[in-house]
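S.K.: First the structure, then my questions, so here it is.
The values are calculated or read from the model by the stated rules, or taken from the named source; none is laboratory data. These numbers were taken from a predicted model, which means no experiment stands behind them. No Cβ is skipped: glycine too gets one built from the backbone with ideal geometry, and neighbour counts run over all protein chains shown.
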Amino acid sequence: MLDAPLRSEGTAPAVPRAAATELAVVVPVPRGLGARCTGVLLSPWTRLSLLVALLAAAAGCVLLFEPQRLLAGGWPPQLGGVTAAVVFAVAYGLCTVAFVPRPLLNLAAGALFGSQLGLGAALAGTVIGAGVAFGLGRLLGQDALRPLLRGRLLTAADGQLSRHGFRSMMAARLFPGVPFWAANYCAAVSRMGWTPFLVATALGSIPNTAAYVVAGARASAPTSPAFLIAMAAIAVPALVGTVVAWRKRHQLRGR
């Protein structure tokens with residue numbers, strides 16, 4: 001009893017250090033300006049606005065600098081062979097993201113590299129461009145645009161792309177009436193996976209791309225059988241796509 005510490009009346013008992021730490025943790029901390037700014041910058045509509053700004057800037061650069069003319073003229077002149085084809089494929093992909101028409105680029109690939117190497121460069125550029133557009137749309141646009149998919153037609157189209165992504169994208173690539181960029185961003189807004197999107201893009205783009213590349217490679221001999229066959233083959237994907245769209249029309253109408 002003599003060793004016990006004396007405590008005067010009215011003095012609060014000592015609080016253990018661990019309990020004081022726990023009490024300090026639960027004190028609410030006001031949200032800082034940096035956190036609020038980060039939330040605004042990462043919001044779906046801010047990201048969608050960034051996507052629109054990027055695409056507008058890319059389209060403006062195409063109108064101003066006309067990179068398709070540089071590609072058709074043999075750019076870059078210091079490279080040749082497979083290296084030039086790889087550079088061409090990367091530039092091809094970026095140009096498609098910026099809305100440069102693929103038929104012009106396919107013709108340029110055939111004129112620059114011939115039928116075989118040109119087809120490889122054009123298909124690689126097609127997949128690169130589709131992948132970049134799909135990634136941009138998925139990262140910057142999907143969260144803002146998915147809540148707007150109302151109405152029977154939009155809901156049916158979204159369900160078709162989400163559940164049957166591979167065959168839907170195959171039909172879109174085979175049918176020349178569907179713009180390349182539109183198919184990319186519609187697929188990005190849906191729940192389609194990366195693998196079916198890229199595989200369907202590569203396979204579905206072969207017929208139309210090959211026809212234009214061969215036509216570009218044989219443009220100097222417009223009466224040759226290869227050139228005439230290539231021109232005739234351009235109509236085949238359109239026919240296949242029309243048949244597929246006709247058979248699937250009831251699904252898009254929500255039946």
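S.K.: Any chance region 102-112 includes a residue that's assigned to a helix (DSSP H, G or I), within 17 Å of the chain's Cα centre (by Cα) and within 16 Å of residue 188 (Cα to Cα)?
M.R.: So in region 102-112, the residues assigned to a helix (DSSP H, G or I) come out as 102-112.
Add one more test, that the residue is within 17 Å of the chain's Cα centre (by Cα), and what stays is 102.
Filter once more, so that each one left must be within 16 Å of residue 188 (Cα to Cα): none.
No, region 102-112 has no match at all.
S.K.: Are there any pairs, at least 6 apart or on different chains, whose C-beta atoms fall under 8 Å, with the first in region 123-138 and closer than 11 Å to residue 198 by Cα and the second in a helix (DSSP H, G or I) and charged (D, E, K, R), and if so, which?
M.R.: Note: pairs meeting the criteria are 126/102.
S.K.: Sticking with this one: Would you check if there is a residue in region 140-156 being touching a residue at least 24 places away in the same chain (Cβ under 8 Å), within 16 Å of residue 202 (Cα to Cα), surrounded by fewer than 18 Cβ atoms within 10 Å (Cβ to Cβ) and out of contact with any Lys or Arg (no Cβ under 7 Å at 6 or more places or on another chain)?
M.R.: Taking region 140-156 first, the residues touching a residue at least 24 places away in the same chain (Cβ under 8 Å) are 140-146, 149, 152-153, 155-156.
Then drop every residue that is not within 16 Å of residue 202 (Cα to Cα), which leaves none.
Checking region 140-156: not a single residue is touching a residue at least 24 places away in the same chain (Cβ under 8 Å), within 16 Å of residue 202 (Cα to Cα), surrounded by fewer than 18 Cβ atoms within 10 Å (Cβ to Cβ) and out of contact with any Lys or Arg (no Cβ under 7 Å at 6 or more places or on another chain).
S.K.: Give the number of residues within region 211-234 that are within 19 Å of residue 123 (Cα to Cα) and surrounded by fewer than 21 Cβ atoms within 10 Å (Cβ to Cβ).
M.R.: Taking region 211-234 first, the residues within 19 Å of residue 123 (Cα to Cα) are 211-218, 230-231, 233-234.
Imposing the further condition that a residue be surrounded by fewer than 21 Cβ atoms within 10 Å (Cβ to Cβ) reduces the set to 231, 233-234.
Residues that pass the stated criteria total 3.
S.K.: Can you pull out every residue in region 168-209 that is of a type in the set (Val, Ile, Thr), at pLDDT 90 or above and either more than 12 Å from the chain's Cα centre (by Cα) or within 16 Å of residue 156 (Cα to Cα) (or both)? Step through it out loud before you land on a result.
M.R.: So in region 168-209, the residues of a type in the set (Val, Ile, Thr) come out as 178, 189, 195, 199, 201, 206, 209.
From the residues that got through so far, the ones that are at pLDDT 90 or above too are 195, 199, 201, 206, 209.
Passing the criteria: 195, 199, 206, 209.
S.K.: Name the residue, out of 81, 159, 120, that is over 24 Å from residue 177 (Cα atoms), out of contact with any Ser or Thr (no Cβ under 7 Å at 6 or more places or on another chain) and surrounded by fewer than 21 Cβ atoms within 10 Å (Cβ to Cβ).
M.R.: Details: 159 fails: over 24 Å from residue 177 (Cα atoms); 120 fails: over 24 Å from residue 177 (Cα atoms).
Testing whether each residue is over 24 Å from residue 177 (Cα atoms), out of contact with any Ser or Thr (no Cβ under 7 Å at 6 or more places or on another chain) and surrounded by fewer than 21 Cβ atoms within 10 Å (Cβ to Cβ) leaves just 81.
S.K.: Could you pull out the residue among 180, 166 that is over 26 Å from residue 54 (Cα atoms) and among the aromatic types (Phe, Trp, Tyr)?
M.R.: Values: 180 fails: over 26 Å from residue 54 (Cα atoms).
Unique residue meeting the criteria: 166.
S.K.: Also, quick follow-up: Within region 23-67, take every residue that is basic (Lys, Arg) and surrounded by 10 or more Cβ atoms within 10 Å (Cβ to Cβ) and give me the one that is modelled with the lowest pLDDT.
M.R.: 36
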